[in-house]
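Q: Sharing a structure, written as C-alpha cells. Questions coming.
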Amino acid sequence: MTKKTLVLIYGGRSTEHDVACRSAAFVYRSLNRTKYDLHLVAIDKTGDWYPQTDTAKWEMEPASLPIHRDRKNNAIVQHPTNPRDALAALCGLEIKNLSDCIFFPMIHGVSGEDGTLQGLFELAGVPFIGPDTLGSAVGMDKVVAKRLAASAGIPVVPFVEVNDETWAGGKESICRRAIDLLGLPLFVKPARLGSSVGIKKVKTPGDLPAAIEQALEYDDKVLIEIGLEVREVECAMLGTTRAKPSVVGEVILDADFYSYEEKYAKNSRASTRVPADLTPELTLEIQKLSGRLFEVLSLYGMARVDWFIEKKTGQIYFNEVNTIPGFTEVSHYPLFWSKSGKDGTTLLSELIELGLHRAKIKAALKREV
Ligand SMILES: Nc1ncnc2c1ncn2[C@@H]1O[C@H](COP(=O)(O)OP(=O)(O)O)[C@@H](O)[C@H]1O
Ligand SMILES: [Mg+2]
C-alpha cells in the first residue's frame, strides 16, 4: 500500500486563526511519520493559500506553525477545470498524487469548521478528517444545533435569536422582550463563532443593546440566553456516526465565565479536571447524551461536546459542539483522549482511518440510475 499523505490545512480567515496555527503544531509534532507523509498548506488571514515547501529548517517541536508566503511550487496545475484540480493547485500538489491524500482542515470557526471547506473537499472527492459539510454547518450554528438538540429531547438553555434585520426593526422591543422572557443575567453570543469571541455576560438592562451590537459585528445572527450558574463539563467523541465518548472533563473557573483570555492566556486561572468529579451515573449520562447529540447533528469522526450542569438544580443542558476542536498544548480534545488511553499519535492515526473509511463508503455510492 502506498503511504498516505496527510494534507494539513491551517490558519484561515477566522478570528481563531492564531489558535488554529497552534492546533496545527500538535499535528506536526504528533503525526506518525513512518506511516504518513505530511504536506502543509497555510491559509493566511486574507484567505490566500500557501503550500509550505521549505519546512526542513522548522523546529521539531513548534508551539505554533508559521506561514511562509512563498509561491514557488504553487503552479503545478496551470489551468484547473474542476474542483479537484483547483484543490490540487491551491495546495501545491500534483494531481496524480491527490489520490493518496487525506485532508485535515485545522481551521477553527468561520471558513474551516463551518462546512465551507468541507464542501470543497466533497466537490473534489477527497477524503478528509472530521464531520462532513452538513454536520460541520449544523454544528457551527449555535441556534440550529440547539433547535435540533431540543427536538431530540436534549435540554438546552432557553434563548432568543436576533439577526441584523430583526434588530434594525426594533431594538428596544427586542431588549424588553428578552429581559421579560429570560430575566438577567443574560449571555449574548454570535451564532457561528468560537473561543468566546464576541460573547458578553449582561447583568443590567442598560448593557444589553451594546452587547447585541458587539455580537452583530461578528455574525449577522446572535443568541441571547439565560445566564445560569453552571459547572461546565465536556466530552470528546471519536468514531463513525456511532462515535465513542472519552472520559468527561470539567473546566474549573475562577472568573465570571470562560472567556478568550481564560481559555488561552498564559496568566489564565482556568484549569481542567480530568476526569470530572461526577458520580459514575452522571458521567455515564453525559457520555450517553454526547453520543446522542453526535447522531442528532449528523456528525462523523470527531467533535467535542460541551455541557452545562446547573449548580442549583443539577439540570444538564447541551451548550455547544466543536467539530474542529482545539488541538493546542492546552486543548481538551487531545487531553481527554490521552486520559482515555490514546496518545496524540494514536488519536491522529484513528482520525485519518475514519476519514479514509468514509471516503470509501462515499466512493461506492451509485452516481447513475
Ligand atoms: N447560558 C450561559 N450561562 C452561563 N454561562 C454561559 C452561558 N453561555 C455561555 N456561557 C459562558 O461563556 C462561555 C463561552 O460560551 P460558548 O457558548 O461555549 O461559546 P464559544 O463557542 O465561544 O466557546 C462558556 O464556556 C461559559 O463559560
Ligand atoms: Mg464553548
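What follows is calculated from the coordinates using simple rules that are stated; it is not laboratory data. Quick caveat: nothing in here was measured; it's all calculated off a predicted structure. All Cβ positions, glycine included, derive from the backbone under ideal geometry; neighbour counts span all protein chains shown.
Q: Mean residue ellipticity at 222 nm from the helices of the chain, using -39,500 (n - 2.57) per DSSP H segment of n ≥ 4 over the full residue count, to the nearest 500 deg cm²/dmol?
A: Using -39500 (n - 2.57) per qualifying helix, the result is -10500 deg cm²/dmol.
Q: For K201, project a label point 7 Å along Cα to C-beta. Then give me every residue of region 218-258 with its amide nitrogen under 17 Å of that point.
A: 224-233, 251-258
Q: Here's something else I'd like to know. Based only on other Cβ atoms within 10 Å, what is the fewest-to-most ordering of D220, D277?
A: Final ranking by Cβ density, sparse to dense: D277, D220.
Q: Could you list the trypsin sites (Lys or Arg not before Pro) in region 22-113 that lie in coil according to DSSP, counting only those with at most 13 other Cβ atoms within 10 Å of their Cβ?
A: R33, K35, K45, K57, R69, R71, K72
Q: What residues qualify as long-range amide H neighbours of T5, i.e. H under 5 Å apart, gap of 5 or more or another chain, H built at 1.01 Å from N?
A: D37, C101, I102
Q: Provide the per-residue ³J(HN,Hα) series for region 104-121, in order, calculated from phi with Karplus coefficients 6.51, -1.76, 1.60 and θ = phi - 60°, each as a whole number of Hz, with x at glycine and proline positions.
A: Each residue of region 104-121 in turn: 10, x, 8, 9, 8, x, 4, 6, x, 9, 9, x, 5, 5, 4, x, 5, 4 Hz.
Q: Kirkwood Rh over alpha-carbon pairs of the chain, then Stokes-Einstein at 37 °C and 0.692 mPa s: what D in µm² s⁻¹, rounded to an integer?
A: Diffusion coefficient, whole number: 153 µm²/s.
Q: Which GluC sites (Glu not before Pro) does region 67-151 hold that lie in a coil by DSSP with at most 16 other beta carbons within 10 Å?
A: Answer by residue number: E94.
Q: Still on this structure, please answer the following. On a full-extension model of 0.36 nm per residue, what is the gain between T2 and E229, subtracting their alpha-carbon distance, rounded to one decimal in nm?
A: This chain segment gains 76.4 nm when fully extended.
Q: Quick check: from the Cα gyration tensor, does region 159-226 come out rounded (a/c under 1.5), prolate or oblate?
A: In terms of gyration-tensor shape, oblate.
Q: Still on this model: Quick one: which residues, 5 or more positions from T15 or on another chain, have an amide H under 5 Å from its amide H? H modelled 1.01 Å from N in the peptide plane, none for Pro or chain starts.
A: Residues meeting the amide H criterion: V110.
Q: Once you have a ≥ b ≥ c as the square roots of the Cα gyration tensor eigenvalues for region 1-107, tell me rounded if a/c is under 1.5, and otherwise prolate or oblate according to whether a/b is larger than b/c.
A: Oblate shape, in that a/c is at least 1.5 and b/c is the bigger or equal ratio.
Q: Ok, one more. Applying the Karplus parametrisation 6.51 cos²θ - 1.76 cosθ + 1.60 with θ = phi - 60° to the phi angles of region 165-178, what ³J(HN,Hα) value in whole Hz is obtained for each residue in order, glycine and proline being reported as x?
A: 6, 5, 4, 5, x, x, 4, 5, 5, 5, 5, 4, 4, 4
Q: Is any residue of region 187-207 close enough, with backbone N under 18 Å, to a label point placed 7 angstrom from the Cα of R176 along the Cα-Cβ axis, and if so, which?
A: It comes to 205-207, nothing else.
Q: Report the label-to-label distance for K312 and A152 in nanometres (one decimal), using points 7 Å from each Cα along the Cα→Cβ vector.
A: Reported label-point gap for K312 and A152 is 2.9 nm.
Q: Tabulate in residue order the Karplus-calculated ³J(HN,Hα) for region 252-263, using 6.51 cos²θ - 1.76 cosθ + 1.60 with θ = phi - 60°, rounded to whole Hz; enter x for Gly and Pro.
A: 9, 10, 10, 7, 4, 7, 7, 7, 4, 5, 4, 6
Q: Among the trypsin sites (Lys or Arg not before Pro) within region 267-360, which fall in a DSSP loop and have no more than 15 other Cβ atoms within 10 Å of their own Cβ?
A: Loop-located and lightly packed - R269, K311, K312.
Q: Taking the Cα-to-Cβ direction at A86 and at K288 and moving 7 Å from each Cα, how far apart do the two end points lie in nm?
A: Distance between label points: 4.6 nm.
Q: Among all stretches of the chain without exposed chymotrypsin sites (Phe, Trp or Tyr not before Pro) (DSSP loop, at most 15 other Cβ atoms within 10 Å), which one is longest?
A: Longest run free of exposed loop sites: 59-256.
Q: In whole angstrom, how far apart do the alpha carbon centroids of region 229-289 and region 89-142 sit?
A: So the two Cα centres are separated by 27 Å.
Q: What distance in nm separates the two pseudo spin-label positions at T241 and T166, each 7 Å out from Cα along the beta-carbon direction?
A: Roughly 3.1 nm, to one decimal.
Q: Arrange K266, K4 by Cβ neighbour counts within 10 Å, fewest through most, would you?
A: Result, fewest neighbours first: K266, K4.
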